[in-house]
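The values are calculated or read from the model by the stated rules, or taken from the named source; none is laboratory data. Computed from a prediction, not measured in an experiment: that's the story for all the values here. Methodologically, a virtual Cβ is constructed for each residue, glycine included, from the backbone with ideal geometry; neighbour enumeration extends over all protein chains shown. These accessible areas exclude ligands, DNA and RNA; they are computed on the full protein's heavy atoms, side chains included. Shrake-Rupley method; radii C 1.70, N 1.55, O 1.52, S 1.80 Å.
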Amino acid sequence: MKVLLLQDVKNLGKAGDVCEVKDGYGNNFLIAKKLAQIATKEALNKYKAVQKKRAQLEAQELAAKQEIAQKLEGITLQIIKKVGANGALFGSITKEEVVEALQAQHSLEVDKKILELKTPIKSTGIYEIDVKLGHGITGVLKIDVVAE
């Protein structure tokens, strides 16, 4: 019996492979647990179409993330905070403040979880923050902390 694997199966193959298996193993294990389906022409064509569409969507998502990374490279975000007598900030700049300032000044929405502060920002000056967008794409956002 020929089956199309829908998921990786140990000692048999990876998702998308067409394998020859015994009828009992194919029907009672692979197909019953939805790890595979019978390899008909329609099933193979449908699987290829789904994979092609998935690849197109992933390419669009990758292009969108690269575009966001390029936008972030050209931005210097200005954040105004109160400063004490010694020149240090009251508190520190948080990821939430960076996201809010980015939304307010440049109308770009990013999740605070993708921002990576190397060190806490506790004084005025220019800092760089890594923005990990996924798929190995990382942007760098410059922040200019100014005294109020």
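For the stretch 15-34, how many residues meet the condition of being open to solvent by 50 Å² or more (accessible area, probe 1.4 Å), assigned to a loop (DSSP other than H, G, I, E, B) and either touching a helix residue (DSSP H, G or I) at 6+ places or on another chain (Cβ under 9 Å) or closer than 9 Å to LYS2 by Cα (or both)? So the count comes out to 1.
Among residues of the stretch 67-81 being touching a Leu at 6+ places or on another chain (Cβ under 8 Å) and over 16 Å from ILE126 (Cα atoms), the one that is most open to solvent (accessible area, probe 1.4 Å) is LYS71.
Within the bounds of the stretch 36-44, is there any residue that is part of a loop (DSSP other than H, G, I, E, B) and surrounded by 16 or more Cβ atoms within 10 Å (Cβ to Cβ)?
Going residue by residue through the stretch 36-44, those that are part of a loop (DSSP other than H, G, I, E, B) are 39-40.
From the residues that got through so far, the ones that are surrounded by 16 or more Cβ atoms within 10 Å (Cβ to Cβ) too are 39.
Checked against the condition, which is being part of a loop (DSSP other than H, G, I, E, B) and surrounded by 16 or more Cβ atoms within 10 Å (Cβ to Cβ), the stretch 36-44 yields at least one hit.
Across the stretch 90-148, the number of residues qualifying as buried (at least 17 other Cβ atoms within 10 Å of the Cβ) and assigned to a loop (DSSP other than H, G, I, E, B) comes to 2.
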